[in-house]
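Working notes, beginning with the structure itself.
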Amino acid sequence: MVKKEERAVGSVPWRIYISYMASGGKMTTFWVFFTMSLSIICRIMTDWWIGQWSKEEYDIKSYVYILIYFGLGVLVGIFYYIRGVIFAYFTIKSADNY
């Protein structure tokens, strides 16, 4: 026979989130938040740069706008990749230790 499971109702207490993050390690938790912040900042900078380019705020040639946009796009891709790897490591480590 299959035993019926108990179902919890309501919100998850903050202590659960904190203990989950602690089980991942302090440094890993720091790097997760740091890389997430960097990737978001780079994405915002890319959007801002497109705005500057469309208004032609600076007296530079079009290819310079393109190169800067390309460089920011590459940074976004790199930070998203690093963020994904670190987050995957964090979740696996947290699940093993929790």
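All of the numbers you see were taken from the coordinates with simple rules; none came from a lab. Because the structure is predicted, anything quoted here is derived from the model rather than measured. For neighbour counting, all protein chains shown are included, and Cβ atoms are generated from backbone atoms with ideal geometry for every residue, glycine included.
Some values worked out for this structure:
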{"quantity": "Phi-based couplings in Hz for segment 45-58 (Karplus 6.51, -1.76, 1.60; Gly and Pro marked x)", "calculated": "4, 5, 5, 4, 5, 4, x, 5, 5, 5, 8, 6, 5, 10"}
{"quantity": "Straight-distance crosslink candidates among lysines, where the alpha carbon sits under 20 Å from K93 and sequence neighbours closer than 8 are dropped", "calculated": "K26"}
{"quantity": "With at most 12 neighbouring Cβ atoms within 10 Å, loop trypsin sites (Lys or Arg not before Pro) (DSSP) excluded, longest segment of the chain", "calculated": "8-60"}
{"quantity": "Estimated inter-spin distance, Y58 and F30, nm [label 7 Å along Cα→Cβ]", "calculated": "3.3 nm"}
{"quantity": "Dipole magnitude (debye, nearest 20) for segment 26-97, charges at Cβ of Lys, Arg, Asp, Glu", "calculated": "280 debye"}
{"quantity": "Selected from W31, S62, Y17, residue furthest toward positive end of dipole (the chain; charges at beta carbon)", "calculated": "Y17"}
{"quantity": "Residue-averaged [θ]222 nm for the chain, counting only DSSP H segments that reach four residues, each worth -39500 (n - 2.57)", "calculated": "-28000 deg cm²/dmol"}
